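K.L.:
Would you mind keeping the following structure in view while I ask a few things?
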Amino acid sequence: MSTLEQIRHGFSRTWDSLNEGWQALRRHAAQALTRFTPPRRSGALETAEEQLMARGARWGVLPAEVQESDEAVVVCIEIPGMEKESFDIAVAEGRYLTVRGEKRLQREERRGRYHVMECAYGGFERAVALPAEVDDGGARASYRRGVLQVVLPKVRSAKAARRIEVTTH
């Protein structure tokens, strides 16, 4: 095999490996990939923070874990950099948890400049499919260390399964 063929073969293997890894990541994180929309004010000059947010990433990963017990469905979503008051949480059709919010840029230091901005800022919406119908009236939410936890009690079926005993005549 010539040197050129070896290089071509090596490049092909590398490309296939990279593509396979990308596809696995896409399958694994497809639901967690979330679009962030920087805020826009009509007619007003952008602040320095708004200009930075506009240059930042437009997509972020908000991974979720959904756990089900006999009584409830618990959803945990990693959303770092938020305040607990910044969330708008709702249940649609008893089967989808929707979390909306706006992640704002918080700069402590006004001097210097950014060289890497991989964090996403702005408004976002993340929907999570629930494994069972839930009663949003009894839902509880908490936010600690960048993780939003929502506990949703399951809907009690009006017709619970009942064992029918067979007797003799």
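The values are calculated or read from the model by the stated rules, or taken from the named source; none is laboratory data. These numbers come from a predicted model, not from an experiment. FYI the Cβ positions are ideal-geometry reconstructions off the backbone, even for glycines, and counts take in every protein chain you see.
K.L.:
Considering only residues of segment 33-56 that are surrounded by 14 or more Cβ atoms within 10 Å (Cβ to Cβ) and hydrophobic (A, V, I, L, M, F, W, C), which is modelled with the highest pLDDT?
P.N.:
36
K.L.:
Right, next: If you go through segment 2-23, how many residues are outside any helix (DSSP H, G or I) and either in contact with a helix residue (DSSP H, G or I) (Cβ under 7 Å, 6 or more places away or on another chain) or acidic (Asp, Glu) (or both)? First the steps, then the outcome.
P.N.:
Filtering segment 2-23 down to residues outside any helix (DSSP H, G or I) leaves 2.
Pick out the ones that are also either in contact with a helix residue (DSSP H, G or I) (Cβ under 7 Å, 6 or more places away or on another chain) or acidic (Asp, Glu) (or both) and you get none.
Selection size over segment 2-23: 0.
K.L.:
Still on this structure, I have one more. May I ask you to say which residue of 126, 100, 140 is modelled with pLDDT of 90 or more, surrounded by fewer than 14 Cβ atoms within 10 Å (Cβ to Cβ) and among the charged types (D, E, K, R)?
P.N.:
Criteria check complete, one pass: 140.
K.L.:
Please go through segment 103-122 and give me each residue that is surrounded by 14 or more Cβ atoms within 10 Å (Cβ to Cβ) and either at pLDDT 90 or above or farther than 30 Å from residue 152 by Cα (or both), ordered by number.
P.N.:
Our first condition is that a residue be surrounded by 14 or more Cβ atoms within 10 Å (Cβ to Cβ); within segment 103-122, this holds for 103-105, 119-122.
Residue satisfying the conditions is 105 alone.
K.L.:
Tell me, yes or no, whether segment 146-168 has at least one residue that is surrounded by fewer than 10 Cβ atoms within 10 Å (Cβ to Cβ) and modelled with pLDDT of 90 or more.
P.N.:
Looking through segment 146-168, none of the residues is surrounded by fewer than 10 Cβ atoms within 10 Å (Cβ to Cβ) and modelled with pLDDT of 90 or more.
K.L.:
I've got another one for you. How do the pairs read when you match residues in segment 128-153 that are on the phi > 0 side of the Ramachandran plot with residues anywhere that are part of a loop (DSSP other than H, G, I, E, B) and hydroxyl-bearing (Ser, Thr, Tyr), using Cβ under 8 Å and keeping only pairs 6 or more apart or on different chains?
P.N.:
Close Cβ pairs (under 8 Å, with a partner that is part of a loop (DSSP other than H, G, I, E, B) and hydroxyl-bearing (Ser, Thr, Tyr)) do not exist here.
K.L.:
For segment 67-97, how many residues are farther than 18 Å from residue 124 by Cα, in contact with a Leu (Cβ under 9 Å, 6 or more places away or on another chain) and surrounded by fewer than 17 Cβ atoms within 10 Å (Cβ to Cβ)? Don't jump to the end; show me each part of the working.
P.N.:
Step one: of segment 67-97, the residues farther than 18 Å from residue 124 by Cα are 67-74, 93-95.
Subset that is in contact with a Leu (Cβ under 9 Å, 6 or more places away or on another chain): 68, 72-74, 94-95.
Next, only the ones that are surrounded by fewer than 17 Cβ atoms within 10 Å (Cβ to Cβ) stay: 68, 74, 94-95.
The total comes to 4.
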